[in-house]
Amino acid sequence: MSLSSALSEAHFCSLQSQSNVYGLAKFSTPCGRNKLLAASLRGQIICMEYQTVTGKLKPLPREVQFTYIPGDAEIVAIDAFSKTGKDKGVVIAIAFIKCDVDGKPMQYLNIYSDWEPEETFNLDKIAQSCQNVELQFLPFHLCHTDYINPDGRRETVFLLSGNDNHVHLFRELKNSDTFYQQPTNETFPEFMNINSSVMWIDIQHFESGHKRITGFCCQNGYVQVVTVKTMTKEILSCWSTQHDGLTTSLHLFSADTSVECPSFVRTENEGEEVKKKPNFNLVVTSALELTVNYRNVLERGLVDVKHLPDSERYDSVLCSCVTDIDFDGENEILLGTYGQELLIYKFFPTQTSETQPSVESAGSPRTSPREIFNDGQFKMISRRSYSSPILALDYIDITGDGLYEIAVLTMKGLHILQHSLHTVAFLCQERLKCATSLGTRQDAFDELMTENLDTS
């Protein structure tokens, strides 16, 4: 049985009302425990975590009462991040809409942050410390990213897109828990002159944080990818393309995973610093079209397109997630559809590689997506059905056992999918045996094998 299909449901937590595509967030506590927040439209926010109770690991979902969210409000988006360094803590942001006495919709962003280094982490206390910001636009995607100041100092900021065709930046005042809104024209120039509402944003840093690559997709199907120097804010390159209809999500990712080699494994490049050139792919989901993956964006722009076959057969694709689901070192693409299906796709390279066309000869990136690079194809390797549409996906070690789980947010609630522990334990043992044949010290292998891998 493959690891992608050997997934079992570890837990399900229902919601009082349906959520939406921006209703799932994750964060880590200062002690390293991972938690999930699932928000329903009617104001209910569930915190999902696992704890050891009487010697057994048990799920402990509970509702958290966040202040200054009226009972008649509709939660649009939620996001959270963990502070690092001496100012450890958690910051949670919630965007919502409520109507005033005249029935006019009003939009707000609540930011919660209150934790002292010497105190025990208390989510309920954070939920009572709120900064309320009135918005002049309807909010959409709420996310966070690292911003590197001209002096090299790194900070985490919130980005919120709206129906005004802008992306809004919220920064924290230094040595304060107060956030303020700042124009993005100087800090994030890639968000200037957008002609449609941004539905999804993804930002990745590379070259030790000296550069970033930003991708976003819009309500009218417009997709843009930009690389920027983080210190000077100089735009280095920009690619764009137009899809037919609404684009629902977007993710930048590397085709393969990067894991630090254990110290007891000898490698051919031992003692040498191996610098790997970044290779970003871009997956874009659509409400009407096939999901597409643009490969090696930094070298090929948006012309090397691979379609995910049959991804449009199960109604609109609402969300996506990228991770190595079968532990082979290559990332797979997970899609959640309105047709209540969880789809998993894997890329299969061709055995022989023909000479590939250059970006210049491949056509303009503004042309419709065409598959012109014959280096492989995506195939669906797993499909799983649910009883309601899938709104959001994430991959997180929620149980704290070192093995990641899949969080699936549907209209009815939050599902936690767990890998088969027997299959994973067997795979771990086989790879440890393989490591010994490559020159690993036998005593180090024997020491690892004494660890309890029994999953019975």
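The values are calculated or read from the model by the stated rules, or taken from the named source; none is laboratory data. Model, not experiment: these values are computed from the prediction. As a convention, Cβ positions derive from the backbone with ideal geometry for all residues, glycine included, and neighbour counts pool all protein chains shown. Only protein heavy atoms, including side chains, enter the accessible area calculation; ligands, DNA and RNA are left aside. Shrake-Rupley method; radii C 1.70, N 1.55, O 1.52, S 1.80 Å.
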Restricting region 153-163 to residues that are open to solvent by 40 Å² or more (accessible area, probe 1.4 Å) and out of contact with any Leu (no Cβ under 8 Å at 6 or more places or on another chain), the one modelled with the highest pLDDT turns out to be 154
Looking at 75, 94, which is the one that is touching a Gly at 6+ places or on another chain (Cβ under 9 Å) and modelled with pLDDT of 95 or more? 75
Could you go through region 204-212 and let me know if any residue there is among the small types (Gly, Ala, Ser) and more than 16 Å from residue 285 (Cβ to Cβ). yes
How about region 397-411: which of its residues are open to solvent by less than 10 Å² (accessible area, probe 1.4 Å), more than 15 Å from the chain's Cα centre (by Cα) and under 14 Å from residue 20 (Cα atoms)? 410
Could you please find all residues in region 192-210 being touching a Lys or Arg at 6+ places or on another chain (Cβ under 9 Å) and assigned to a strand (DSSP E or B)? 203, 204, 205, 206
Quick test for you: out of 316, 311, pick the one residue that is more than 17 Å from the chain's Cα centre (by Cα), of a type outside the set (A, V, I, L, M), at negative phi and surrounded by fewer than 22 Cβ atoms within 10 Å (Cβ to Cβ). 316
Qualifying residue in region 138-145 (condition: at pLDDT below 95 and in a loop (DSSP other than H, G, I, E, B)): no
Listed by first then second residue, the pairs whose first member lies in region 192-207 and is at positive phi and in contact (Cβ under 8 Å) with a residue 12 or more places away in the chain, whose partner is surrounded by fewer than 20 Cβ atoms within 10 Å (Cβ to Cβ) and in a loop (DSSP other than H, G, I, E, B), with beta carbons under 8 Å and at least 6 positions apart or on separate chains, are 207/278
Residues of region 213-227 being in contact (Cβ under 8 Å) with a residue 40 or more places away in the chain and part of a strand (DSSP E or B), which ones? 213, 215, 216, 217, 223, 225, 227
Within region 202-245, which residues are open to solvent by 10 Å² or more (accessible area, probe 1.4 Å) and within 13 Å of residue 141 (Cβ to Cβ)? 202, 203, 219
Failed item in (1) modelled with pLDDT under 95; (2) surrounded by fewer than 16 Cβ atoms within 10 Å (Cβ to Cβ), with residue 388 passing the rest: (1)
Quick one: would you say residue 54 is more than 28 Å from residue 185 (Cα to Cα), modelled with pLDDT under 95, of a type in the set (Val, Ile, Thr) and open to solvent by 70 Å² or more (accessible area, probe 1.4 Å)? yes
For the list (1) in a strand (DSSP E or B); (2) in contact with a Gly (Cβ under 9 Å, 6 or more places away or on another chain), I need the number of the one condition that residue 36 fails. (2)
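Mind listing just one residue for me: the one in region 58-98 that is more than 26 Å from residue 159 (Cβ to Cβ) and either outside any loop (DSSP other than H, G, I, E, B) or of a type in the set (S, T, N, Q) (or both) and, of those, most open to solvent (accessible area, probe 1.4 Å)?
Only one residue fits best here, namely 65.
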Region 320-353, residues that are at pLDDT below 95 and among the small types (Gly, Ala, Ser): 329, 353
